[in-house]
Ligand code: VGL
Ligand code: ZN
């Protein structure tokens with residue numbers, strides 16, 4: 001069994017979107033989002049390998065409610081299917097798109113790769129592996145395979161969107177998939193957060 005205290009050479013810590021806009025006071029806040037940062041840093045010190053994703057949208061991105069003159073948290077149908085419309089967040093180069101200060105000082109210093117996603121103006125990307133059209137790859141799967149990693153250990157924000165989609169894709173791609181529950185938080189903990197945990201457990205992810 002996987003022991004999170006003793007990660008091996010083929011295990012990689014995948015830190016999803018530890019950004020200021022997803023923390024309390026940010027543009028798309030995740031309740032208690034800031035509370036995962038210290039634990040993520042502690043994990044990154046134990047892992048031999050860490051990669052981080054960064055939500056990184058151009059202004060006027062198709063996932064922004066403002067782009068469509070719609071209300072934040074409403075949904076719309078885009079060319080690739082249903083899309084939740086978010087408040088403007090993680091705009092490229094803005095303060096809110098930066099990593100949380102604790103991450104900047106520690107996990108981000110150790111990270112071997114930073115994957116930016118959501119940079120195509122007309123496609124959103126929740127998953128670290130595929131954009132929301134479910135076909136455009138970010139390149140992460142190829143990177144991890146080429147480096148010989150076998151197990152992805154997920155932490156970060158938000159459990160019900162980017163962490164869930166990333167972990168589900170990791171399972172589908174054949175990686176052993178672990179979620180460290182204490183190092184993630186959901187945008188909606190009681191509804192979509194619980195659904196995410198149930199779906200990941202049912203899909204074969206190990207929750208620790
Ligand atoms: C995320 C919604 C929009 C996330 C990113 O990191 O979970 N959620 N963009
Ligand atoms: Zn986003």
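Just so you know, all these numbers are worked out from the coordinates, no wet-lab data involved. Not measured: the values here are computed from a predicted model. Here the Cβ positions follow ideal geometry from the backbone for every residue, glycine too, while neighbour counts run over all protein chains shown.
The residues of region 103-120 that are part of a strand (DSSP E or B) and farther than 13 Å from residue 49 by Cα, listed by number, are 115, 116, 117. Name the residues in region 36-57 that are within 14 Å of ligand 1 (Cβ to nearest atom) and either in a loop (DSSP other than H, G, I, E, B) or free of Cβ contacts under 8 Å to residues at least 60 places away in the same chain (or both), would you? Listed by number, the list holds a single entry, 56.
The listed residues are 104, 116, 110, and the only one of them that is within 14 Å of ligand 1 (Cβ to nearest atom), under 19 Å from the mean Cα position of the chain (by Cα), closer than 30 Å to residue 9 by Cα and surrounded by fewer than 19 Cβ atoms within 10 Å (Cβ to Cβ) turns out to be 116. Show the residue pairs that are 6+ apart or on different chains and have beta-carbon atoms under 7 Å apart, the first residue being within region 147-170 and closer than 14 Å to residue 49 by Cβ, the second being within 8 Å of ligand 1 (Cβ to nearest atom) and assigned to a helix (DSSP H, G or I). As it stands, the answer is 154/163, since those pairs meet every condition given.
Exactly one residue among 33, 26, 81, 60 is away from ligand 1 (no atom under 12 Å from the Cβ), in contact with a helix residue (DSSP H, G or I) (Cβ under 8 Å, 6 or more places away or on another chain) and in contact (Cβ under 8 Å) with a residue 40 or more places away in the chain, and that residue is 60. Quick check: is even one residue across region 30-45 under 18 Å from the mean Cα position of the chain (by Cα) and within 13 Å of ligand 2 (Cβ to nearest atom)? Yes, region 30-45 contains a residue that is under 18 Å from the mean Cα position of the chain (by Cα) and within 13 Å of ligand 2 (Cβ to nearest atom).
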